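**Q** First the structure, then my questions, so here it is.
The values are calculated or read from the model by the stated rules, or taken from the named source; none is laboratory data. What you see is a predicted model, and the numbers here were worked out from it, not measured in a lab. Glycine gets a Cβ as well: all are built from the backbone with ideal geometry, and neighbour counts include every protein chain shown.
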Amino acid sequence: MTSPSLSDRDYELISAYLDGEVDIRQKKAIETRLAQDAQFKSAYEQLSRTRRLVRSQPLLRAPRNYTLSPKMLSASQASPKAFVPFPLLLRTASAFASLIFVLLFGLNWIVASRMMNAAPMASSEVLSQPAQPALVEEQAVQSTGASGEEQPLAKSMATSVPEPKSLVPPAGEFGGMGEGGGAGAVGGEEAPLLEPDSGTALIAPTATLSATLPLAPFEITGEVDIQSEPGVSETPMPETPDLTEVSETEGLIRGWRQNWLMQQILFGVLAVSFAIIAIRVGKRKD
Amino acid sequence: MDELGLIHDAQKGDLEAFNRLVLAYQDAIYTHAYRMLGDESAADDATQETFIAAYQAMKTFRGGSFRAWLFRIVTNQCYDELRRRQRHPTTPLEPLSDDDEEVESPKWLGDDSNSPEEVSDQDALREAIQSCLNGLPQEFRSVVLLVDVQGMDYNEAAQVLKVPVGTIKSRLARARLRLQHCLQGFWELLPDKFRLVDEESS
């Protein structure tokens, strides 16, 4: 029986001590402990007895001579070559198949995740398309203070305008929207870019914004300094009447994601099944 | 001729020199295979395969302990056989008695140069030890056999198994502890000299 107070390390030391495989320091420590610790001594004696019992077993005599003859050697050289290649081929093929699967799976995953990231933005763009984006874009391009660097900003704003007809909120509210909404990307200081010739710009939040902020169509009058309006984001926004189109698109995207997940799971199950079959076939051929 | 000369000649393809090495090592290799596999027929095959593989690989022997090199080959042969058994488990056939019942061990019917009781006790003890060895994980079993049966030191055993000496040390201690537990069940089979030691200690 093992002594509960002795650790694995103690038994290792005892075992090595029995074989003379300890250094002088360890030997002295063990001998001191053997003289003082009854449990340690008992464990030593039991292990010593087991060791002697195993060592008492004599070497067996070989039942025959195993000397080799040229005939045996030629036979042994011929036989393995007939059987070795197929399992090797199978294993190699399995390894390549696994590698290709992992690569394809990883690639698919990366592409799909990028698509999923892009999908909400794309859907919001699609939603904003019918709302006369060309008019606003044209207006932005024609604006008096527009420079080369400012045009992309104007375009991004233009694509985020779903409803040209809107109310006229205070200029500060527009600034608040711009700071709060990511898709609108109203980060530039030249907000008047969006002003049409008449001196007004029609701005509405994007579909993405609608998820976090209440929709509020705006009509901007005059120049608006977006960043110069502190605390405007806290101003309550008027609610939009209808979001059914947006929710339908989100539902579609969610459905597409679920489909994609199901496909991935299916691929995974198939791959694992094929791998198991390949391993079993390989083992049978061994 | 000494062992080094025989090895040198065998490396040049001298089958006669190699066969002299075979005769020198075959008992030890067979014993190791038998203790590892617990089966005479499998041990016989493993021993033969070991010497064939050794002859074919003689040119790769780069000096050092030839014994350790041979034991590495036979140990790997045994591991292969044990793995094959795990994949394709079989039931050994035991001889049937007159009443169509299986005789547990044909060794009971073996030659008895000593008195039947002595032979019976020795065989029972050997069976008990073999049974306990079979119950060990193969990594533990090989260490016990190399150190306690073949009398190798830790360094040589480490060479055979290609593991650090510290691993040999810990595996051996754990293997001996397991054997100790297992042999408790065969207490009455132990010869007097082993029983006396235990009675003194307890």
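**Q** Out of the helices (runs of 4 or more DSSP H) lying entirely within the stretch B:152-201, which hold 1 or more residues that are modelled with pLDDT of 75 or more?
**A** Once the helices (runs of 4 or more DSSP H) in the stretch B:152-201 are filtered for at least 1 residues that are modelled with pLDDT of 75 or more, what remains is B:154-161, B:165-183.
**Q** With the requirement that a residue be crowded, with 20+ Cβ neighbours inside 10 Å and more than 8 Å from every other protein chain (Cβ to nearest Cβ), what does the stretch B:37-48 give you?
**A** From the stretch B:37-48, those crowded, with 20+ Cβ neighbours inside 10 Å are B:37, B:43, B:46-48; that's our starting set.
Hits for the stretch B:37-48 are B:Leu37, B:Ala43, B:Ala46.
**Q** What is the number of the single condition among (1) among the hydroxyl-bearing types (Ser, Thr, Tyr); (2) modelled with pLDDT of 85 or more; (3) exposed (fewer than 11 other Cβ atoms within 10 Å of the Cβ) that B:Ser65 does not meet?
**A** (3)
**Q** Which of the residues that make up the stretch B:126-151 are more than 10 Å from chain A (Cβ to nearest Cβ), part of a helix (DSSP H, G or I), surrounded by fewer than 22 Cβ atoms within 10 Å (Cβ to Cβ) and of a type in the set (Gly, Ala, Ser)?
**A** Once the filter is applied, which keeps residues that are more than 10 Å from chain A (Cβ to nearest Cβ), part of a helix (DSSP H, G or I), surrounded by fewer than 22 Cβ atoms within 10 Å (Cβ to Cβ) and of a type in the set (Gly, Ala, Ser), the stretch B:126-151 yields only B:Ser131.
**Q** Is at least one residue of the stretch A:23-43 within 11 Å of another protein chain (Cβ to nearest Cβ), of a type in the set (A, V, I, L, M, F, W, C) and closer than 30 Å to B:Asp27 by Cβ?
**A** Looking for residues that are within 11 Å of another protein chain (Cβ to nearest Cβ), of a type in the set (A, V, I, L, M, F, W, C) and closer than 30 Å to B:Asp27 by Cβ, one finds none in the stretch A:23-43, hence no.
**Q** Working carefully through the options B:Tyr30, B:Tyr34, find the one that is over 17 Å from B:Ala68 (Cα atoms), free of Cβ contacts under 8 Å to residues at least 40 places away in the same chain and at the interface with another protein chain (Cβ under 9 Å from one of its Cβ atoms).
**A** Residue meeting the stated conditions: B:Tyr34.
**Q** Would you call A:Ala93 part of a helix (DSSP H, G or I), over 25 Å from B:Val149 (Cα atoms), modelled with pLDDT under 95 and within 10 Å of chain B (Cβ to nearest Cβ)?
**A** Working: part of a helix (DSSP H, G or I): yes; over 25 Å from B:Val149 (Cα atoms): yes; modelled with pLDDT under 95: yes; within 10 Å of chain B (Cβ to nearest Cβ): no.
Considered against the rule, which asks whether it is part of a helix (DSSP H, G or I), over 25 Å from B:Val149 (Cα atoms), modelled with pLDDT under 95 and within 10 Å of chain B (Cβ to nearest Cβ), A:Ala93 comes out as no.
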